[in-house]
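Below is one structure; the comments refer to it alone.
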């Protein structure tokens, strides 16, 4: 065999070996990268209090825990119910005293404290934390019940304390309908309420989307004021999205879905008009099914005594409530105040009263001026999302 042939075979062998090595190294790098990028699993958390990232830095660990808990509370629509300023106070855990974070939230009617804690516990377990203590007691002479949970890693790290208070004071839920047509002084008056209030916005009006985006920054909850068939037939063509009798389920899903999507941050719905629509079992069942699928709530504006909204909501286990008092059927300050006093009496009798007013300068200015006195009387103002339940 000639030297040239040997050299040729040797070169080919070297080339093959190099190619094989390249493939093996590339495969190894690929699987290493995939492993590093894979999300942590519940069975083997990538981040925990014992991880190197937290060695000697309990502040970082506690901050991450607090952030994770608050993110989950925001998903549950509870974070905005923070009832007091966040406190930093001594917390005793396993015989050690830590400077712990303490947040206190109003407990909405749809949840129990234990149910919330269970959800939060599942959220923090992948990072090596868990609920470590629980306390229940009466907060003050009013009989308000408070349940407190400490979430922590181990004895080397400060826990986070969360308290949930079931309000026993009379609760007043103010809903302002017909948002979206205008802004101006009426909106400035609404922003001056400085108490929980729910703004119900008609989709796809001139200011609808902007209001939905900016209202939460002012402590205002956003709801969809959904146009529905009433006895005012000439209104039908005034709205881009409109629910009417005889609609197929696909049409309800499309029309209502488009309306809800047009309002960023929307957490519920009530009817605009709808004296015929809300009395129709078939249509209301379809509406409730869409809201349930989106994890939203329903408020029955009660534009007719024949409304079946609550009955259909119960069928699909949709959280809901109904309006007790219209505040401004007569648009005059004294008339509005008379209705507001009626609403307070309902709240004192039943524990909660739901009142609906409208986006009118007289209504909003009158309510703005009346709120401080009601707060001084011990009235607790709440969002619509706090009063709904199955």
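The values are calculated or read from the model by the stated rules, or taken from the named source; none is laboratory data. Since the structure is predicted, the reported quantities are computational estimates derived from the model, not experimental observations. Using ideal geometry, Cβ is built from the backbone for each residue, glycine included, and neighbour counts are taken over all protein chains shown.
Does residue 203 satisfy the condition of being surrounded by fewer than 19 Cβ atoms within 10 Å (Cβ to Cβ), touching a strand residue (DSSP E or B) at 6+ places or on another chain (Cβ under 9 Å) and either at pLDDT 95 or above or assigned to a helix (DSSP H, G or I) (or both)? Here the answer is no, as residue 203 does not meet what is asked.
Applying the selection to the range 178-194, what residues are buried (at least 18 other Cβ atoms within 10 Å of the Cβ) and more than 12 Å from residue 227 (Cβ to Cβ)? Hits for the range 178-194 are 179, 186, 187, 189, 190, 193. For residue 173, the criteria (1) touching a helix residue (DSSP H, G or I) at 6+ places or on another chain (Cβ under 6 Å); (2) closer than 30 Å to residue 336 by Cα; (3) part of a loop (DSSP other than H, G, I, E, B) hold in every case but one, which is (3). Within the range 274-308, the set of residues being within 16 Å of residue 247 (Cβ to Cβ) and in contact with a strand residue (DSSP E or B) (Cβ under 6 Å, 6 or more places away or on another chain) comprises 274, 277, 278, 291.
Counting the residues of the range 311-338 that are part of a helix (DSSP H, G or I) and surrounded by fewer than 17 Cβ atoms within 10 Å (Cβ to Cβ) gives 8. Quick one: would you say residue 213 is within 21 Å of the chain's Cα centre (by Cα) and on the phi > 0 side of the Ramachandran plot? Considered against the rule, which asks whether it is within 21 Å of the chain's Cα centre (by Cα) and on the phi > 0 side of the Ramachandran plot, residue 213 comes out as no.
Modelled with pLDDT of 95 or more, under 23 Å from the mean Cα position of the chain (by Cα) and in the same structural domain as residue 260 (by TED's automatic domain parsing), is that true of residue 334? No; evaluated as a whole, the condition is false for this residue. The single condition from (1) under 25 Å from residue 110 (Cα atoms); (2) more than 21 Å from the chain's Cα centre (by Cα) that residue 386 fails is (2).
On the stretch given as the range 237-246, residues that are surrounded by 13 or more Cβ atoms within 10 Å (Cβ to Cβ) and either closer than 10 Å to residue 280 by Cβ or out of contact with any helix residue (DSSP H, G or I) (no Cβ under 7 Å at 6 or more places or on another chain) (or both) total 4. Taking the stated definitions as given, is residue 369 more than 22 Å from residue 229 (Cα to Cα) and out of contact with any helix residue (DSSP H, G or I) (no Cβ under 6 Å at 6 or more places or on another chain)? It is true that residue 369 is more than 22 Å from residue 229 (Cα to Cα) and out of contact with any helix residue (DSSP H, G or I) (no Cβ under 6 Å at 6 or more places or on another chain).
Applying the set (1) touching a residue at least 24 places away in the same chain (Cβ under 8 Å); (2) under 18 Å from the mean Cα position of the chain (by Cα) to residue 132 leaves exactly one unmet item: (2).
Does the range 252-264 include one or more residues that are in contact with a strand residue (DSSP E or B) (Cβ under 6 Å, 6 or more places away or on another chain), assigned to a loop (DSSP other than H, G, I, E, B), touching a residue at least 24 places away in the same chain (Cβ under 8 Å) and under 18 Å from residue 77 (Cβ atoms)? Yes, there is a match, as at least one residue in the range 252-264 is in contact with a strand residue (DSSP E or B) (Cβ under 6 Å, 6 or more places away or on another chain), assigned to a loop (DSSP other than H, G, I, E, B), touching a residue at least 24 places away in the same chain (Cβ under 8 Å) and under 18 Å from residue 77 (Cβ atoms).
Of all residue pairs spaced 6 or more apart or on separate chains, those with beta-carbon atoms under 7 Å, a first member in the range 348-361 that is in a helix (DSSP H, G or I) and a second member that is surrounded by fewer than 23 Cβ atoms within 10 Å (Cβ to Cβ) and modelled with pLDDT of 95 or more are 348/170; 361/185; 361/186.
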